[in-house]
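*Asks:* My questions will all concern the structure given below.
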Ligand code: CTP
């Protein structure tokens, strides 16, 4: 396991695709985080981005050939010395060459000497991605232990849209960090598992222009989705309001507005799930009625808004499991955002909530004073119905997601 903040050696292999320009931001992310980054472009990559850009961003010379700087035996030194290799954009041709063990340039030769985790981030046109040859190559790379990220869907070069887009640089960087953290774990330990995750906040409508909402950014739910998909799970995110610009690669995202829509989606989808994670911040109350027209203020009197209580979705899922409406072995995970008060500390409230909700795992976060909501990092505890209590060390929400999924995995059948 990585010591947070430790400098690691990251080899970025850049393939010849238009998305090569996005990889510049990935390189920058890792150098700014204090890591040592070396870049090996293919000859075709240099048709898209010049060597000077990669040299300036990484602070090291770049070469495409095995026969340059031969005295340093670069293909052995760079491959063997890396803690992580990221190949992006991984073109159809580059993956085909990696599968057949070709060593006809510095990048493919280095891939043969790398013993660390290797992540391919494909980008190509939908037809090329879906072609049987590419899919067979992806399967082979995965069988051999490499991570091949499922491409995002969206606008491709030219006018077409579809699967094959390179995920956003931030997404690639987070996936890379996850691999640095989990170098010793099986990359596909959630393969075949169906995981449904709620994320973000609900918006309870008052009238055509207003709603009751909350500050949830959706970051923790999306981080869970990203991490679970990378470990091979089939992931659906049921998302309310979030600050997330893009959708995690390879994840199905369903959008909802209010708590009752969220309840419907979660209950329906839990029936076919192996694990359900309620990371959404659900409004406990909603206006009794939604006005068709904008509510006018009442100059002297009280606010003309009466509230009623929303369903407790997490509790409802546990009850559905008890009554047999959803499978008896579905793992149910809840979150608790707590502040300490005169009745007890954050952890005391967490323990009481775990008993009240009846779920299998409860992630307890301390909130208030800028903690948890909207931040990049998080910390907390993981309480289990079997009585175990694990402290989650301070780190990115992606790393925290990875730890939570370790516990979920332990509760799922082999
Ligand atoms: N939750 C839910 N339905 C609600 C409220 C919350 O499913 N109507 C879920 C949340 O997604 C979270 C867990 O319950 O997984 C705890 O949410 P939290 O807001 O901390 O607790 P509440 O149940 O609202 O209890 P309280 O506000 O009294 O602490």
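The values are calculated or read from the model by the stated rules, or taken from the named source; none is laboratory data. The shown structure was predicted, so the numbers you read here are calculated from the model rather than taken from an experiment. Neighbour counts are summed over all protein chains in view; Cβ atoms, including those assigned to glycine, are modelled from backbone coordinates with ideal geometry.
*Asks:* In the range 312-323, is there at least one residue being more than 10 Å from the ligand (Cβ to nearest atom) and over 30 Å from the mean Cα position of the chain (by Cα)?
*Replies:* The answer is yes; a qualifying residue exists.
*Asks:* On to the next question. Which of (1) more than 21 Å from residue 39 (Cβ to Cβ); (2) modelled with pLDDT of 95 or more is the odd one out, the single condition residue 142 does not satisfy?
*Replies:* (2)
*Asks:* Write out, first by first residue and then by second, each pair whose Cβ atoms fall under 8 Å of each other, whose residues are 6+ apart or on separate chains, and whose first residue, in the range 35-63, is free of Cβ contacts under 8 Å to residues at least 60 places away in the same chain and at positive phi while the second is part of a helix (DSSP H, G or I) and surrounded by fewer than 17 Cβ atoms within 10 Å (Cβ to Cβ).
*Replies:* From the range 35-63, the pairs are 59/31.
*Asks:* OK, next. Out of curiosity, is residue 249 touching a strand residue (DSSP E or B) at 6+ places or on another chain (Cβ under 6 Å) and either away from the ligand (no atom under 12 Å from the Cβ) or at pLDDT below 95 (or both)?
*Replies:* Criteria met by residue 249.
*Asks:* Could you run through the range 350-378 and say how many residues are at pLDDT 80 or above, away from the ligand (no atom under 12 Å from the Cβ) and closer than 12 Å to residue 397 by Cα?
*Replies:* 0
*Asks:* Restricting attention to the range 161-169, does a residue exist that is in a helix (DSSP H, G or I) and free of Cβ contacts under 8 Å to residues at least 60 places away in the same chain?
*Replies:* no
*Asks:* Here is a further query. I'd like to know if the range 124-131 contains one or more residues that are crowded, with 21+ Cβ neighbours inside 10 Å, touching a strand residue (DSSP E or B) at 6+ places or on another chain (Cβ under 6 Å) and under 19 Å from residue 8 (Cβ atoms).
*Replies:* Checked the range 124-131: no residue is crowded, with 21+ Cβ neighbours inside 10 Å, touching a strand residue (DSSP E or B) at 6+ places or on another chain (Cβ under 6 Å) and under 19 Å from residue 8 (Cβ atoms).
*Asks:* So residue 272 clears everything in (1) away from the ligand (no atom under 16 Å from the Cβ); (2) part of a strand (DSSP E or B) except one condition, right? Which one?
*Replies:* If we test residue 272 against (1) away from the ligand (no atom under 16 Å from the Cβ); (2) part of a strand (DSSP E or B), just (2) comes out false.
*Asks:* Can we say residue 299 is over 21 Å from residue 259 (Cα atoms) and in contact (Cβ under 8 Å) with a residue 40 or more places away in the chain?
*Replies:* no
*Asks:* Looking at (1) modelled with pLDDT of 95 or more; (2) farther than 30 Å from residue 392 by Cα; (3) in contact with a helix residue (DSSP H, G or I) (Cβ under 6 Å, 6 or more places away or on another chain), which one does residue 90 not meet, given that it meets all the others?
*Replies:* (3)
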